[in-house]
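Written out below as structure tokens is the structure these notes cover.
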Amino acid sequence: MVQEAPGYRKNVEYSVNGETIRSWLYLPENSNRPVPCIILSNGFGGTKDIILEQYARKFVEEGYAALALEYRHFGDSDGEPRLLYSSIKQLEDIKASVEFTRSREEIDPAKIFLWGTSAGGGYGINAAAEDHNICGIIAQCSAFDHKKDDKLVMKREGFSFLLKLIVHAQRDKGRSRFGLSPHMIPLVGAPGSTSFLNAPGALEGYSSLIHESSNFKNELCPRIMLMKQGESSITKAKDVQCPILLLVCEKDNLVAPDSHLKLVEIMKEKVKVVSYPIGHFDIYKGENFETAIRDQISFIKNIIYLKPGGTDNLLN
């Protein structure tokens with residue numbers, strides 16, 4: 001059941017290279033001082049109206065602000081063609097969101113947190129590697145070591161699956177050269193289908209998060225297979241100075257179980273890892289969501305109040 005929009009949610013706009021981003025800003029009521037802000041960025045193909053508000057509500061209850069980012073090319077934001085995934089542009093959207101929140105008098109510019117889930121989990125690392133004023137990063141059920149993740153897919157689907165995607169990508173790219181409408185394929189589908197995500201349970205997992213009034217569309221432009229994407233968060237991790245909380249789903253079959261280990265090796269004491277015995281989509285629902293959000297709030301509180309002792313104490 002979709003909850004009614006809270007009165008403290010505001011529609012906000014800001015732009016990147018002439019394209020307008022239309023996000024939701026959540027501000028705690030009756031606050032008499034600037035507050036910390038958590039910038040929420042969604043996963044692969046996600047729109048702001050799917051899962052982000054349930055996190056924003058929890059953060060506002062703690063007296064924090066939250067920004068639910070709508071990536072360009074998706075949902076209410078500008079960007080043509082529609083449903084074009086670009087990690088380069090989405091990272092630009094994250095940076096623009098940081099600038100926007102810092103410009104608001106209700107928000108403490110020194111206490112900006114970057115929160116990302118699934119495919120959006122690495123953006124916080126890339127952004128914080130360049131912006132050393134970011135206060136902290138939260139990444140849940142995220143992929144970091146793409147070589148390991150690619151091996152997981154190839155082992156399950158085989159090389160023919162990759163060839164199918166490339167054929168669709170070439171068709172889509174060809175249509176774009178002639179100014180024609182994009183050739184789309186499903187973002188998520190049943191096992192064995194020609195879709196970007198077809199792991200067992202992926203279709204059911206996405207479906208459980210979507211409601212009829214959302215802007216989510218189960219399509220993507222396959223030309224992304226031929227596009228340059230952003231730099232891996234693994235290569236940027238050494239430059240990050242703030243703490244990071246990694247929430248790992250032990251039964252995740254969309255992300256390699258040890259995808260985060262190289263990141264931990266690089267960032268060492270800056271990382272706090274919390275593992276849950278659940279699947280990729282379980283962290284968004286029920287008691288699993290409540291447990292994970294409690295861990296996230298503890299992490300934020302302990303950074304804000306500068307609890308000593310490194311990441312070992314960040315959840316205590």
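All of the numbers you see were taken from the coordinates with simple rules; none came from a lab. These numbers come from a predicted model, not from an experiment. Methodologically, a virtual Cβ is constructed for each residue, glycine included, from the backbone with ideal geometry; neighbour enumeration extends over all protein chains shown.
When His132, His260 are sorted by how many other C-beta atoms sit within 10 angstrom of their C-beta, beginning with the fewest, the order is His132, His260.
3J(HN,Hα) couplings calculated from phi for the range 143-159 with the Karplus curve 6.51 cos²θ - 1.76 cosθ + 1.60 (θ = phi - 60°) are, in sequence order, 9, 10, 9, 5, 5, 5, 5, 5, 4, 4, 5, 4, 5, 7, 9, x, 5 Hz; Gly and Pro show x. Computed from backbone phi with θ = phi - 60° and the Karplus coefficients 6.51, -1.76 and 1.60, the 3J(HN,Hα) list for the range 7-23 is x, 8, 8, 10, 7, 10, 10, 7, 10, 9, 6, x, 9, 8, 9, 10, 10 Hz; x is used for glycine and proline. With the simple spin-label model, which puts each label point 7 Å out from Cα in the Cβ direction, the Leu209 to Leu261 separation comes to 2.6 nm. If only the Cβ of Lys and Arg carry +1 and only the Cβ of Asp and Glu carry -1, the dipole of the range 67-153 around its Cα centre is close to 320 debye. Taking only the C-alpha atoms of the range 1-98, Rg followed by Dmax gives 13.5, 43 Å.
Taking 0.36 nm per residue of separation and subtracting the current Cα-Cα distance, fully stretching the chain between Tyr305 and Phe178 would add 40.1 nm. Remark on Ile138: its backbone amide H falls under 5 Å from those of Leu114, Trp115, Gly116, Leu245, a criterion applied only to residues 5 or more positions apart or on other chains, H modelled at 1.01 Å from N. For the pair Lys155 and Val273, the difference between a 0.36 nm per residue extended length and the Cα-Cα distance amounts to 39.8 nm. Place +1 on the Cβ of every Lys and Arg and -1 on the Cβ of every Asp and Glu in the chain, take the dipole about the Cα centre, and give the residue among Ser41, Leu220, Phe299 whose Cα lies farthest towards its positive end. The residue sitting most towards the positive pole is Leu220. For the chain, take the longest principal axis of its alpha carbons; what is the angle in degrees between that and the long axis of helix 52-61, to the nearest 10 within 0 to 90? Rounded to the nearest ten degrees, it is 0.
Assuming R0 = 35 Å, can you tell me the calculated FRET efficiency for the pair Gln3 and Asn133, based on Cβ-Cβ distance, to the nearest 0.05?
Values: r = 33 Å, r/R0 = 0.96.
Efficiency, from the Cβ-Cβ distance: 0.55.
Around the Cα centre of the range 1-144, unit charges on the Cβ atoms of Lys, Arg, Asp and Glu (plus for the first two, minus for the last two) sum to a dipole of about 180 debye. Here the 3J(HN,Hα) profile of the range 86-93, calculated from phi with Karplus coefficients 6.51, -1.76 and 1.60 at θ = phi - 60°, is 9, 5, 5, 5, 5, 5, 4, 5 Hz, Gly and Pro shown as x. Percent of Cα pairs in the range 188-257 per distance bin of 5 Å, from zero to the largest separation: 3, 11, 14, 18, 19, 18, 12, 5, 0. Taking every Cα-Cα distance in the chain and sorting them into 20 Å bins starting at zero, the pair-distance distribution P(r) comes out as 33, 60, 7 percent.
Tally Lys/Arg at +1 and Asp/Glu at -1 over every other residue whose Cβ is under 12 Å from the Cβ of Gly63; what's the total?
-1
Modelled spin labels at Lys10 and Glu80, positioned 7 Å past Cα toward Cβ, are 3.1 nm from each other.
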